[in-house]
Amino acid sequence: MTVYTTKSWMHDQSCDRRGMDSALRAGQLVRLRRGVVMPTENLAPWELHRRRVDAAALAINHGTYFAFQSAAILHGLPVRIADALPVQVVRTMGGRHTRNRLLQATPAILDDDDTDLIDGLPTTSLRRTVTDLARRLSFPDAVAVVDAALRRGVVREDLATPNGYGHARAAQAVAFGDPSSESFGESHSRARMRLANIPIPRLQVDQFSAGGRFLGRPDFDWGDGIIGEYDGGSKYDGTYGDDPRAVIEAEKQRQQALVDEGYCVVRWCWKDLQSPGMVESRIRRALAARPFRKASR
């Protein structure tokens, strides 16, 4: 990561503060924290936020820990990061809640098991980060964080929030969490089903043909031959080292094999989830037609 103090950047560019402010307004520079800038790069929001966390770490005081979404990024938890989200910390040495464009600080009391050190950065522990977020995030986003924590071996009982701000909201997400959910999109989809009073499917269930041939392990299974698949973008973009064209072809063949066996396959992607009610309606139509689409198993 190439970062500069504002003074060093102005010296390298032979310009004054007005020139730097102009570069910031033009989008040529990004301010990471007060006195620290970097050249603009094509970064995902979470990647830019991590850069801001690293920059903030250069100036935080003793007793200060990265928290909430900032801690989630350090722990590798699936959270959505808005472009304008400031770096989030909690301070255990007193003070008041403060917030500006680049930093949000909240007073907190932390026990020893509430803290951790990741890449040399002080942060709230995985368990504490999950419970903090479950108290504050929307139900779908909270479920995604809880699912990820359960997948990593966190015990559900350790995520209990018996009292305090948002404890009822957190309890719902923790109770609904399922370690079998394999991605943010799958978790978000399942939570949306709950909110829409759609029957909750089983997850990652092996499917076989009438002759016993393995057909696949779809994301969702409602029974009676109705299955659902969430298509994450990374499945087809080569993220996992596979040729995207080969992945697409294999997926087409797998779906055709399921259809040939009488399955009803419902598919959706993240863009579909952004259209209110679209995915829910798609699933409801499939469930309503279930007497006519029973798989031959």
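The values are calculated or read from the model by the stated rules, or taken from the named source; none is laboratory data. Please read these numbers as outputs of a predicted model, since none were measured by experiment. Cβ sites come from the backbone with ideal geometry, for glycine too, and all protein chains shown count toward neighbours. The area values use the complete protein model at the heavy-atom level, side chains included, leaving out ligands, DNA and RNA. Shrake-Rupley method; radii C 1.70, N 1.55, O 1.52, S 1.80 Å.
Modelled spin-label separation between H62 and E41, with each label point placed 7 Å from Cα along the Cα-to-Cβ direction: 3.3 nm. As a fraction of the 1.4 Å probe accessible area of the chain, surface on carbon and sulfur atoms comes out at 50 percent. Across the chain, the fraction of Cα-Cα pairs farther apart than 31 Å, rounded to a whole number, is 43%. Which of these, G262, G166, G95, has the largest mean-square fluctuation under a Gaussian network model of the chain (Cα springs below 10 Å)? Between G262, G166, G95, it is G95 that shows the largest mean-square fluctuation. Scanning residues 5 or more positions from Q88 or on other chains, those with amide H under 5 Å from its amide H are A67, S70, Q104, with H placed 1.01 Å from N in the peptide plane. Near R128, once Lys and Arg are set to +1 and Asp and Glu to -1 for all other residues with Cβ below 9 Å from its Cβ, the sum equals -4.
Distant-in-sequence amide contacts of I226, defined by a placed amide H-H separation under 5 Å and a gap of 5 or more residues or a different chain, comprise C264. FRET efficiency for D206 and S180, Cβ-Cβ distance as r, R0 = 22 Å, nearest 0.05? Step by step, r from the Cβ atoms, then E = 0.95. Using Cα atoms only, what is the angle between the long axis of helix 139-151 and the major principal axis of the chain, expressed in degrees (0 to 90) to the nearest 10? The angle comes out at about 80 degrees.
In this calculation the C-beta distance from A82 to R213 is compared with R0 = 45 Å, giving a FRET efficiency of 0.45.
Centroid-to-centroid, using Cα positions, segment 67-101 and segment 1-61 are 19 Å apart. Comparing mean-square fluctuations of A44, A26, A72 from a GNM of the chain with C-alpha springs under 10 Å, the top value falls on A26. Over the chain, accessible surface divided per residue gives 53 Å², non-protein components excluded, 1.4 Å probe.
How high is the FRET efficiency between S281 and Q256 when r is their beta carbon distance and R₀ equals 30 Å, given to the nearest 0.05? After rounding to 0.05, the efficiency reads 0.75.
The slack in the chain from R99 to A171, taken as 0.36 nm per residue of separation less the alpha-carbon distance, amounts to 23.1 nm.
Taken one residue at a time, the phi angles of segment 20-26 give Karplus couplings (6.51, -1.76, 1.60, θ = phi - 60°) of 5, 4, 5, 5, 5, 5, 7 Hz. Gly and Pro are set to x. Taking square-rooted eigenvalues a ≥ b ≥ c of the alpha carbon gyration tensor, is segment 47-140 rounded, prolate or oblate, where a/c under 1.5 means rounded and, failing that, a/b exceeding b/c means prolate? Here segment 47-140 falls in the rounded category.
Local charge for I60 was computed over the other residues whose Cβ lies under 13 Å away, with Lys and Arg +1 and Asp and Glu -1, and equals +3. Mean-square fluctuations from a GNM of the chain, with a 10 angstrom spring cutoff on Cα atoms, peak among F208, F220, F66 at F208. Across segment 184-192, computed HN-Hα scalar couplings (Karplus, 6.51 cos²θ - 1.76 cosθ + 1.60, θ = phi - 60°) run 4, x, 5, 5, 4, 4, 4, 5, 5 Hz from first to last residue, x flagging Gly and Pro. Full extension of the chain between T115 and Q274 gives 53.7 nm of extra length, using 0.36 nm per residue less the Cα-Cα distance.
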